[in-house]
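Student: Before I ask anything, let me first share the structure, which is written out below as structure tokens.
Computed from the coordinates by the stated procedures, all read-outs in this text should not be read as laboratory data. Remember, predicted model here, so these are calculated numbers, not experimental data. Please note: Cβ atoms are built from the backbone with ideal geometry, for glycine as well, and neighbour counts cover all protein chains shown.
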Amino acid sequence: MSDLAGKKIAILATNGFEQSELDVPHAALKKAGAIVEIVSPEQGEIKGWDQKDWGRPVKVDRALDQARADDYDAIVLPGGQMNPDTLRGNDKALALIKSFFEQGKVVAAVCHAPWLLIDTGIAKGRRLTSYKTIKQDMINAGAQWEDSEVVTDKGVVTSRNPNDLPAFVAKIIEEVNEGRHERRAA
């Protein structure tokens, strides 16, 4: 089932997100019927990074200060290097991600965004994947790292790079339709 009518999904990002890793899930999740909001510590617009240069701006729908996991069914974390590296230094961003996880909601991270799963403590003991250059970071944080286009561990969805986006989005839709996920501490 791919119909996400009545579901609400947050995409947490700041300047420097990988353009396709925000745009593709945003469009696909909306097409599946979800309400999708861009949540950011920035106001107005944030600018993507499109492979080798600055990309297009994206409108921010909700300030990070006003976002609560209670209001959503899932959170999507686009990668790029700058975006997750900036967000991992933001305590409010980490608290929001962790609250999704604690409520058994879908947490989806692609490329370098699994760094955020390290800083929230989510990575430890979980099956995950990520961009190849942060593989060792994931292993050092206690993750069971796999080289697969999409890896799911009780509602935590991870993918490696933009080429994996079709599988990533399909798995997010599947996991959101499953509902809450039982999780035990690692």
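Student: Can you give me the orientation-averaged projected area of the convex hull built on the Cα atoms of the chain, in nm²?
Tutor: 9.0 nm²
Student: Sorting check: for 82-90, 26-34, 54-62, 10-18, which peptide has the highest mean count of neighbouring beta carbons within 10 Å, and how do the rest follow?
Tutor: 10-18, 82-90, 26-34, 54-62
Student: With viscosity set to 1.306 mPa s at 10 °C, what whole-number translational diffusion coefficient in µm²/s follows for the stretch 27-97 from Stokes-Einstein and a Kirkwood radius over Cα pairs?
Tutor: Value of D from the Cα-based Kirkwood radius: 120 µm²/s.
Student: State the number of lysine pairs found in the stretch 50-150 whose Cα atoms come within less than 24 Å, restricting to pairs 8 or more positions apart or on distinct chains.
Tutor: 11
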